[in-house]
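Some notes on the structure that comes next.
The values are calculated or read from the model by the stated rules, or taken from the named source; none is laboratory data. What you are looking at is a predicted structure, and each value in this text was computed from that prediction instead of being measured. For neighbour counting, all protein chains shown are included, and Cβ atoms are generated from backbone atoms with ideal geometry for every residue, glycine included.
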Amino acid sequence: MKKTGADILMECLIREGVDTIFGYPGGAIMPVHDAMLRYPVHHILTRHEQGAAHAADGYARASGKVGVAVATSGPGATNLVTGIVTANMDSVPIVFITGQVAADLIGGDAFQETDVTGITLPVTKHNYLVTRADEIAQVVREAFHIARSGRPGPVLIDICKNAQIEETEFIYPETISLPGYHPPEHAPMEGLEKAVELIKKAERPVILAGNGVLMSGAMDELQIFAAKTNTPVAMTLLGLGAIPASSPLSLGMMGMHGEAYCNSAIQESDLILAFGMRFDDRVTGMLSTYAPKAKKIHIEIDPSEVHKNVFADVPLIGDLKTVLTDLIPMLDEYDHEKWMQQIDVWKTETKERSVMAWPDDDKLYTPHVIRALWKATSGDALVVTGVGQHQMWAAQYYEFEKPYRLLTSGGAGTMGYGLPAALGAWFAHKDREVWLIDGDGSFQMTAAELSTLVQEGANVKIAIMNNSFLGMVRQWQEFFYDKRYAATPITGPDFIKLADAHGIPGQRATTPDEVFDAIEFAHKTPGPVLLEFVVEKEESVYPMVPAGAALHEMLRRPIRK
Amino acid sequence: MHNTLIALVEDKPGVLNRVASLFRRRNFNIESLNVGRTDKANISRMTIVVNSEGVDARKVEANLYKLVNVIDVQDVTNQPAVIRDLALIKVKAKPDQRAEVSSLAAIFRGNIIDVAPDSVIVELTGTEDKIESLVELLRPLGILEMVRTGNVAMMRGDMSGKRYTPGTNGNGHVE
Ligand SMILES: Cc1ncc(C[n+]2csc(CCOP(=O)(O)OP(=O)(O)O)c2C)c(N)n1
């Protein structure tokens with residue numbers, strides 16, 4: 001049967017299991033929005049295309065499905081770019097669909113024409129320019145396959161307006177042919193054997209669990225591996241939840257704001273087992289002094305990550321779950337008792353320095369709020385964050401017991417990610433509690449999406465940590481710029497009134513005893529709620545590895561008695 | 001140090017742009033890049049020479065595989081391969097100097113392919129070294145223009161089912 005390109009697009013999206021689309025309309029994409037009316041999909045109108053991109057990202061991270069975001073040509077498409085970069089850095093599977101001017105106008109600077117495939121080429125896993133209706137079905141199939149397989153990532157399809165309107169025979173392609181695209185699965189036996197040799201000899205091994213554990217769904221295999229070999233597990237920011245925070249084998253988060261005992265363990269280790277992580281500079285500190293005593297086994301699906309920052313003695317290129325499944329039966333059991341005891345000594349020393357150990361001084365600190373949230377949500381909420389100090393504190397003090405519970409912009413560090421991503425996360429899991437833990441700066445970047453929450457009735461609880469500063473930058477100014485607070489003091493609206501203006505109930509807490517009450521209020525009130533926590537202005541995140549310092553050269557929190 | 005890579009890519013619009021963009025954003029220094037058709041309708045072939053000082057050629061190879069349209073990459077550096085460059089060199093030559101140019105070209109098995117009143121065009125195929133030697137000899141006469149294709153490369157012998165260097169894609173797995 002003949003169908004328009006826009007209808008063919010919808011037919012293909014439905015076959016990919018898409019029922020939720022985030023987007024914004026405009027001239028060059030009108031046929032697509034029109035076609036949505038004829039198909040069982042829910043389109044969420046965000047207030048800015050960046051919001052649509054982050055919402056699709058939150059949806060994808062929370063559901064494990066491919067997110068979809070739609071925008072018009074020109075400014076609509078360029079507004080997506082920050083969201084595309086964010087997804088690309090964190091390997092989030094999203095298919096972006098943008099309208100483009102008619103094929104015969106391309107290159108003529110037509111109204112709202114922009115070279116979108118050119119702009120997004122370096123920040124997508126792959127992209128397409130579609131000029132004819134009969135290309136659409138094939139391209140959409142390929143795009144979803146590429147987005148979700150191998151190392152996932154964003155794929156953009158730019159569709160010329162004529163291709164959306166033209167009618168052509170709809171034939172759903174049964175197969176796809178991508179001669180150059182074969183994501184690796186198994187690692188060769190030779191490599192596995194070398195890995196087993198290193199594991200056998202190790203006395204102080206550490207596993208580094210990254211986003212790849214979650215992406216590959218290798219949580220069980222990771223736990224079996226760690227338990228069998230009694231190897232402690234350090235996690236990257238995006239790897240949090242790979243094993244439960246309460247596990248005796250958990251070392252918590254590594255890196256710039258990682259646990260001191262975790263970083264010490266990495267620096268002292270004699271064998272690093274890197275599972276689906278890419279040795280980002282926020283994780284390694286200065287490379288020349290990184291884990292100097294350790295041999296490295298690197299299990300990674302993307303060959304270009306191997307040897308990129310850290311040389312791997314044994315690279316195992318493949319899907320993490322598959323490689324671990326192959327590797328586990330080849331391993332003996334080990335206890336590493338002395339090593340675990342050493343780590344316990346470091347752990348005790350860290351606890352003494354924690355904010356949680358401070359005597360009550362009637363002041364409100366973000367870690368207190370986050371710990372209270374953790375208690376009130378039984379540690380099981382979907383936590384979405386902005387970027388900055390509150391993000392790091394959320395990572396440190398919301399002890400993640402399960403995977404896919406923390407949605408945060410890691411690689412890109414995109415302020416403004418939080419609110420729209422929380423909206424997307426709610427669409428993925430309407431049964432779960434979704435909490436946005438945001439900074440006053442980050443929140444203001446995409447606060448327009450409050451309207452979207454209300455229009456959609458999205459049950460997202462918002463907790464703004466208001467320190468009246470762009471806190472993380474202020475912290476760097478305190479440490480490295482003699483407290484010259486250039487461009488970091490920030491004001492905001494009366495957040496409670498802002499919420500009220502949207503018809504969202506709000507409550508403010510300024511002292512520790514008001515915290516619990518506020519969270520209670522959020523729990524009792526159905527639908528979206530905004531809480532503002534007026535926290536200490538000049539508190540800093542510890543430990544901190546200054547940029548360019550070795551991983552063990554951490555600035556530690558002064559002990560308070 | 002140079003590394004020579006052969007890449008088979010899908011013959012689709014924008015593929016050259018993808019490769020060039022990759023090299024730029026990963027800060028790989030390209031010495032030369034040659035693209036052309038192959039015997040197969042949908043496949044183009046690139047010969048890429050990278051300056052591998054500071055860049056591990058394996059990185060280049062692994063990154064090329066990230067491009068969906070790249071089908072196969074092989075590093076033929078220090079392998080039994082034929083590597084050739086083609087140059088067209090336009091040299092200032094009055095009629096009485098033509099014989100000199102012609103004999104120099106002949107030493108290198110180059111050909112004179114065009115003669116004008118004041119100049120000739122020499123065509124030479126060979127390794128980079130050979131071309132550079134001739135260029136140096138012709139330079140005193142006055143070189144008006146020169147163009148080179150950059151290296152093209154091919155492994156010797158029957159390569160079907162064999163790889164001389166393990167591909168970085170999937171641990172050197174052979175297709
Ligand atoms: C889009 C964007 N612009 C700038 C930055 C640089 N930056 C990183 S953290 C930060 C401050 C964040 O302030 P806020 O959201 O209030 O959180 P806080 O650190 O105070 O918890 C800034 C400006 C960024 N990460 N993203």
Out of (1) assigned to a helix (DSSP H, G or I); (2) of a type in the set (S, T, N, Q); (3) in contact (Cβ under 8 Å) with a residue 60 or more places away in the chain, the odd one out for B:Thr77 is which?
(1)
Please go through the stretch B:10-62 and pick out each residue that is more than 19 Å from B:Ile83 (Cα to Cα), in a strand (DSSP E or B) and within 13 Å of chain A (Cβ to nearest Cβ).
B:Glu10, B:Ile43
Can you name every residue in the stretch A:226-265 that is more than 20 Å from A:Leu214 (Cβ to Cβ) and not in a loop (DSSP other than H, G, I, E, B)?
A:Lys228, A:Thr229, A:Ala260, A:Tyr261, A:Asn263, A:Ser264, A:Ala265
Looking at (1) crowded, with 21+ Cβ neighbours inside 10 Å; (2) free of Cβ contacts under 8 Å to residues at least 24 places away in the same chain, can you tell me which one A:Trp476 breaks?
(1)
Identify the single condition in (1) crowded, with 17+ Cβ neighbours inside 10 Å; (2) in contact with a strand residue (DSSP E or B) (Cβ under 9 Å, 6 or more places away or on another chain); (3) away from every other protein chain (no Cβ under 14 Å) that A:Pro184 does not satisfy, given that it satisfies every other one.
(3)
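Residues checked against (1) surrounded by 20 or more Cβ atoms within 10 Å (Cβ to Cβ); (2) away from every other protein chain (no Cβ under 14 Å); (3) in contact with a Pro (Cβ under 9 Å, 6 or more places away or on another chain); (4) closer than 30 Å to B:Asn42 by Cβ:
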| position | (1), (2), (3), (4) |
| --- | --- |
| B:Tyr65 | yes, no, yes, yes |
| B:Lys92 | no, yes, no, no |
| B:Leu104 | no, yes, no, no |
| B:Ile107 | no, yes, no, no |
| B:Gly110 | yes, yes, no, no |
The condition from (1) over 21 Å from B:Ile71 (Cα atoms); (2) among the β-branched types (Val, Ile, Thr); (3) free of Cβ contacts under 8 Å to residues at least 12 places away in the same chain that A:Ile136 misses is numbered (3)
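Pick from A:Leu214, A:Leu222: which is within 17 Å of A:Ala195 (Cα to Cα), in contact (Cβ under 8 Å) with a residue 60 or more places away in the chain and not hydroxyl-bearing (Ser, Thr, Tyr)? Spell out how you get there, then give the answer.
Working: A:Leu214 fails: within 17 Å of A:Ala195 (Cα to Cα).
Answer to the check: A:Leu222.
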List the helices (runs of 4 or more DSSP H) that sit entirely inside the stretch A:448-561 and contain at least 3 residues that are more than 15 Å from the ligand (Cβ to nearest atom) and in contact with a strand residue (DSSP E or B) (Cβ under 9 Å, 6 or more places away or on another chain).
A:450-456, A:495-501, A:512-524
Failed item in (1) more than 20 Å from A:Leu320 (Cβ to Cβ); (2) among the β-branched types (Val, Ile, Thr); (3) under 21 Å from the mean Cα position of the chain (by Cα), with A:Thr289 passing the rest:
(3)
What are the residues in the stretch A:173-204 that are within 29 Å of A:Gly58 (Cα to Cα) and in contact with a helix residue (DSSP H, G or I) (Cβ under 6 Å, 6 or more places away or on another chain), if any?
A:Ile176, A:Glu185
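Would you be able to say whether some residue in the stretch A:248-258 is over 22 Å from the mean Cα position of the chain (by Cα) and surrounded by fewer than 24 Cβ atoms within 10 Å (Cβ to Cβ)? Full working, then the answer.
To start, the set of residues in the stretch A:248-258 that are over 22 Å from the mean Cα position of the chain (by Cα) comprises A:248-249.
With the extra rule that they be surrounded by fewer than 24 Cβ atoms within 10 Å (Cβ to Cβ), the set shrinks to A:248-249.
Within the stretch A:248-258, one or more residues are over 22 Å from the mean Cα position of the chain (by Cα) and surrounded by fewer than 24 Cβ atoms within 10 Å (Cβ to Cβ).
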Would you point out which residue out of A:Lys402, A:Lys430 is farther than 25 Å from A:Met277 by Cβ, modelled with pLDDT of 95 or more and surrounded by fewer than 24 Cβ atoms within 10 Å (Cβ to Cβ)?
A:Lys430
Can you tell which of A:Ala147, A:Ala133, A:Ala143 is in contact with a Gly (Cβ under 8 Å, 6 or more places away or on another chain), within 14 Å of chain B (Cβ to nearest Cβ) and of a type in the set (Gly, Ala, Ser)?
A:Ala147
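Residues to consider are A:Glu553, A:Glu539, A:Glu456; find the one that is crowded, with 17+ Cβ neighbours inside 10 Å and closer than 24 Å to A:Trp358 by Cα.
Details: A:Glu553 fails: crowded, with 17+ Cβ neighbours inside 10 Å; A:Glu456 fails: closer than 24 Å to A:Trp358 by Cα.
Answer to the selection: A:Glu539.
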Quick one: which residue in A:Met215, A:Met277 is modelled with pLDDT of 95 or more, part of a loop (DSSP other than H, G, I, E, B) and within 26 Å of A:Ser149 (Cα to Cα)?
A:Met277
Among the residues of the stretch A:307-324, is any within 25 Å of A:Gly548 (Cβ to Cβ), within 14 Å of chain B (Cβ to nearest Cβ), of a type outside the set (A, V, I, L, M, F, W, C) and buried (at least 16 other Cβ atoms within 10 Å of the Cβ)?
yes
Considering only the stretch A:498-510, I want to know if a residue exists there that is outside the structural domain of A:Phe22 (by TED's automatic domain parsing), in contact (Cβ under 8 Å) with a residue 40 or more places away in the chain and under 20 Å from A:Tyr397 (Cβ atoms).
yes
For A:Gly386, are the conditions met, namely being surrounded by fewer than 24 Cβ atoms within 10 Å (Cβ to Cβ) and either among the small types (Gly, Ala, Ser) or not assigned by TED's automatic domain parsing to the domain that holds A:Ala428 (or both)?
no
A:Arg61: surrounded by 24 or more Cβ atoms within 10 Å (Cβ to Cβ), within 27 Å of A:Gly457 (Cα to Cα) and of a type in the set (Lys, Arg), yes or no?
yes
Please report, ordered by residue number, the helices (runs of 4 or more DSSP H) entirely within the stretch A:41-97 with at least 3 residues that are out of contact with any strand residue (DSSP E or B) (no Cβ under 6 Å at 6 or more places or on another chain) and over 17 Å from A:Gly386 (Cβ atoms).
A:75-78
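Among the residues of the stretch A:430-447, write down those that are assigned to a helix (DSSP H, G or I) and within 9 Å of the ligand (Cβ to nearest atom).
So in the stretch A:430-447, the residues assigned to a helix (DSSP H, G or I) come out as A:440-445, A:447.
Those that are assigned to a helix (DSSP H, G or I) and within 9 Å of the ligand (Cβ to nearest atom): A:Asp440, A:Gly441, A:Ser442, A:Phe443, A:Gln444, A:Met445.
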Being on the phi > 0 side of the Ramachandran plot and in contact (Cβ under 8 Å) with a residue 24 or more places away in the chain is the filter here, so list the residues in the stretch A:100-133 that pass it.
A:Gln112
